[in-house]
Amino acid sequence: MNPLKIAFADFFTLSLLLMAGLALRKHCRPLQNLYLPASLLAGFIGLLLGPQILGHFTGVSLPIGKTIAQWPGQLTSVVLGLGFVGTKPSKNFGRVAASAVTVSGLVHQTQVLVGLGLTILLIPFFPNLPVSFGLTPVYGFHGGHGTANAVGVALAQYGWAEGISVANTMATAGLVSGIVIGMIVINIGVRRGYAQKVLKPQEIPQDIREGIVPLEKRTAIGKGVTYNDALDPLALQLAITGLIFGGATLMSKGLTMLHPLLKEIPHFACAMVLGAFLNYVMRKLDWQDYIDRATINRISGVALDYLVCAAIATLSLKVFSLYMVPLLVTITTMILVNLAANFYFPWKIFDVDWFERSVASYGLESGVLATGLMLLRVVDPKFETTGQESVASAVSLLYPLAIPYVVLGPLLSTKLPAWQIWVGSFIIWLGFYITARRNFWHGDRKFADILSTKSKKPCAR
């Protein structure tokens with residue numbers, strides 16, 4: 001079978017799984033209550049019906065093989081390469097945005113420190129555990145599946161083939177825990193009077209639970225930049241995507257020709273650079289109107305859904321069994337630390353709307369912005385607080401800090417001892433902490449006030 005037919009066969013298999021995942025979400029009430037994305041459910045269906053489980057016991061399975069396992073690596077370049085395309089420089093950097101970035105920076109670095117710290121403690125008991133394992137929690141929890149796959153591909157390139165499955169396992173644990181524990185925390189917080197806009201946990205509408213938008217609520221997913229008789233509007237945005245992806249390939253090959261060591265620069269890193277450069281050039285030439293950011297977001301979203309489905313469907317169960325104890329210890333610890341950090345730091349730092357912003361931050365730092373916004377909608381249905389502004393600022397303005405960890409982290413973790421990376425990360429954490437103490441810290445607020453059953457409403461604003 002030629003490569004094009006193989007690609008379309010994989011496309012059919014993944015599309016079938018996504019449809020099955022959406023159907024499962026629509027008709028299974030427990031899954032609706034968990035608010036799990038259809039792409040995640042699709043991936044688990046593929047894993048169950050694939051060669052590792054169904055095929056192992058029956059000899060018959062869905063055709064999920066090595067080619068589908070290659071999809072996440074390629075789609076990662078699309079997702080990350082489009083990150084800057086069509087964006088505009090942020091003009092909103094007030095106190096809400098600054099405090100949100102400070103909290104997000106502290107949480108990001110806390111995840112790094114805890115992950116690396118646990119790995120340092122576990123290595124004497126598991127000598128084959130690589131230093132890179134310590135960075136997979138922040139890639140999975142803070143970064144989500146897109147980042148997890150990006151660094152997983154890079155880690156495989158640097159010699160740790162199991163890194164993709166480990167990072168994806170972390171991302172899955174972060175996403176599921178963010179939704180499930182987030183809803184539990186919301187129920188407790190609302191009943192204690194911490195929320196300002198609801199007196200009881202807001203019921204998520206049934207259509208949102210099912211995942212299907214009713215006809216009367218449907219909106220356009222983008223705007224047409226070109227007329228159809230000249231070029232289909234979607235084709236133009238896809239062409240821009242293709243230029244970035246193809247240009248990244250040429251850039252990667254060119255860097256390798258300049259010096260052999262440059263071949264270690266991941267393809268997704270080249271895509272990110274080209275995407276940012278293209279956006280800069282088009283703004284300078286006043287061509288930015290040729291880009292429809294809404295359509296670019298949809299292309300990125302499609303790539304991410306197929307990426308998550310393919311990544312979960314091809315998770316290596318052998319890798320999970322190989323790293324089972326370190327994975328369970330690290331995931332359990334990360335869930336607890338992530339929960340504590342996303343409510344302690346906001347409680348100490350945020351001037352207003354601390355609970356709503358904490359909820360959004362917890363969802364964001366568990367993998368995806370969509371989870372943060374979904375949890376925020378439960379306690380702030382009309383987005384009347386500063387929660388939306390806060391989480392949006394954290395996503396966009398902290399991005400430059402996360403990039404070095406994504407691009408250089410996999411390489412440095414194979415070249416440097418864990419303690420050196422830990423110390424460097426601690427210095428960055430300390431910078432955020434000093435910033436918080438000097439500019440935002442509320443010393444009179446005790447964390448025990450939140451945990452105490454006697455406290456009913458510890459300063460909503």
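The values are calculated or read from the model by the stated rules, or taken from the named source; none is laboratory data. Remember, predicted model here, so these are calculated numbers, not experimental data. Quick reminder, even Gly has a Cβ in these numbers, built from the backbone with ideal geometry, and neighbours come from all protein chains shown. Calculation scope for accessible area: heavy atoms of the full protein, side chains included, ligands and nucleic acids excluded. Shrake-Rupley method; radii C 1.70, N 1.55, O 1.52, S 1.80 Å.
A few points about this structure:
- The residue of the stretch 276-296 that is most open to solvent (accessible area, probe 1.4 Å), among those that are under 30 Å from residue 40 (Cα atoms) and either β-branched (Val, Ile, Thr) or at pLDDT 90 or above (or both), is 293.
- Scanning the stretch 140-187 for residues that are β-branched (Val, Ile, Thr), open to solvent by 10 Å² or more (accessible area, probe 1.4 Å) and touching a residue at least 12 places away in the same chain (Cβ under 8 Å) gives 147, 153, 164, 169, 172, 176, 180, 181, 185.
- Each residue in the stretch 318-369 was checked for being open to solvent by 40 Å² or more (accessible area, probe 1.4 Å) and among the small types (Gly, Ala, Ser), and 2 of them qualify.
- Residue match in the stretch 38-61 (condition: open to solvent by 20 Å² or more (accessible area, probe 1.4 Å), more than 30 Å from residue 431 (Cα to Cα), in contact with an Asp or Glu (Cβ under 8 Å, 6 or more places away or on another chain) and modelled with pLDDT of 85 or more): yes
- Qualifying residue in the stretch 241-253 (condition: farther than 17 Å from residue 73 by Cβ, at pLDDT 90 or above and buried (at least 18 other Cβ atoms within 10 Å of the Cβ)): yes
- Tally of residues being more than 24 Å from the chain's Cα centre (by Cα) and touching a residue at least 60 places away in the same chain (Cβ under 8 Å) across the stretch 241-271: 0
- When residue 29 is tested against (1) crowded, with 19+ Cβ neighbours inside 10 Å; (2) at pLDDT below 95; (3) out of contact with any Gly (no Cβ under 6 Å at 6 or more places or on another chain); (4) within 26 Å of residue 366 (Cβ to Cβ), only condition (1) is not met.
- Tallying residues that are open to solvent by 30 Å² or more (accessible area, probe 1.4 Å) and at pLDDT 90 or above within the stretch 301-310 yields 3.
- Some residue of the stretch 78-87 being surrounded by fewer than 23 Cβ atoms within 10 Å (Cβ to Cβ) and in a helix (DSSP H, G or I): no
- Filter result for residue 313 (crowded, with 16+ Cβ neighbours inside 10 Å and at pLDDT 90 or above): yes
- The residue list 200, 217 contains one member that is open to solvent by 50 Å² or more (accessible area, probe 1.4 Å) and within 30 Å of residue 352 (Cβ to Cβ), which is 200.
- Checking residue 15 against (1) out of contact with any Ser or Thr (no Cβ under 9 Å at 6 or more places or on another chain); (2) touching a residue at least 24 places away in the same chain (Cβ under 8 Å), the condition it does not meet: (2)
- Residue within the stretch 245-262 that is within 13 Å of residue 82 (Cβ to Cβ) and aliphatic (A, V, I, L, M) present: yes
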